[in-house]
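No value in this document is a laboratory result; all are computed from the given coordinates. Just so it is clear, the model here is predicted, and its values are computed rather than measured. Methodologically, a virtual Cβ is constructed for each residue, glycine included, from the backbone with ideal geometry; neighbour enumeration extends over all protein chains shown.
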Amino acid sequence: MLTHPIPPAPFAATGPIDTSPIQLTPPSGLDLDPIWVSVVPETRARSNDIHLPISLAYAERLTAAYPEANAELVRVTILLHDTGWGRVDESRILSEGFSGDWRKADIRFQHEAQGCVIAREVLPKLGYNDEFIEEVCAIIDGHDTRPVARSLEDALVRDADRLWRFDHAGIALASGWFGLDPSTYSERLRAEIVPELLSDAAKQIAHADLDRSQALLKTAVLR
Ligand SMILES: [Fe+2]
Ligand SMILES: [Fe+2]
């Protein structure tokens, strides 16, 4: 399967950019439901049952903005990317995975490796071929710890994985993981996460979401 090389960031969209609230475009279709059914236990860890569906909805917005990307690869990979949290020591997720130098924490590498194990367990039974599964695992492995994206699809998965945090549901959950109030956390998103986004579409979506979320949560006053 051909994946596309990643252009320099922020790369311009070639399709439409939808910056409306993410609830308006939930994940499309039923084609991924057999995968969802296969990973229900893994979605119960680290609020994956919130993070993964919302991230999939953002991933679909990004594949609409970049129609040259392999949308199936992006969609399947974002669905599975964090399922590995369901196979690691849960007590270490918040103590190591979300504090200190969390990007380099051993538990982070473990959740990536376990995510690949799960992809290789689940996808063959559902008819996905070996080449596709290896493409999925190549993105999952290192999605948090590898400093660079290797393909356009990898870049869109990375951006979708960050974008969910800009929605008010993401701010509600992730601010707690990092022990921050919503106001401080949302400012950190703007200062630190927006610059990490690779696609111009994701940057536009992030700003629109953050403006709405900060207004909704009264972060200018509740600080
Ligand atoms: Fe992750
Ligand atoms: Fe994630």
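Overview of results
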read-out: More than 20 Å apart - percent of Cα-Cα pairs taken over region 1-101; value: 48
read-out: Euclidean distance between Cα centres, region 123-172 to region 68-119, Å; value: 9
read-out: Helical contribution to [θ] at 222 nm, DSSP H n ≥ 4, -39,500 (n - 2.57), averaged over the chain, rounded to 500; value: -16500 deg cm²/dmol
read-out: Assigned charges on the beta-carbon of Lys, Arg, Asp, Glu; region 22-141 dipole about Cα centre (debye); value: 360
read-out: Which of CYS137, GLN110, LEU126, positive extreme of dipole for region 87-161 (C-beta unit charges); value: GLN110
read-out: Which of ILE35, LEU198, SER183, positive extreme of dipole for the chain (C-beta unit charges); value: SER183
read-out: Length added when fully stretched, ASP200-ASP49, from 0.36 nm per residue minus Cα-Cα; value: 51.6 nm
read-out: Rounded to the nearest 20 debye, dipole of region 32-216 from Cβ charges on Lys, Arg, Asp, Glu; value: 340
read-out: Reference-scaled alpha-carbon Rg (2.2 N^0.38 Å with N residues) for region 90-190; value: 1.21
read-out: For the chain, the spread of Cα positions along each principal axis, largest first, Å; value: 52, 43, 31
read-out: Set of lysines near LYS218 by C-alpha distance (under 23 Å), chain-local residues within fewer than 8 positions excluded; value: LYS203
read-out: Chain lengthening between LEU24 and ALA191 when straightened (0.36 nm per residue, less Cα-Cα); value: 57.5 nm
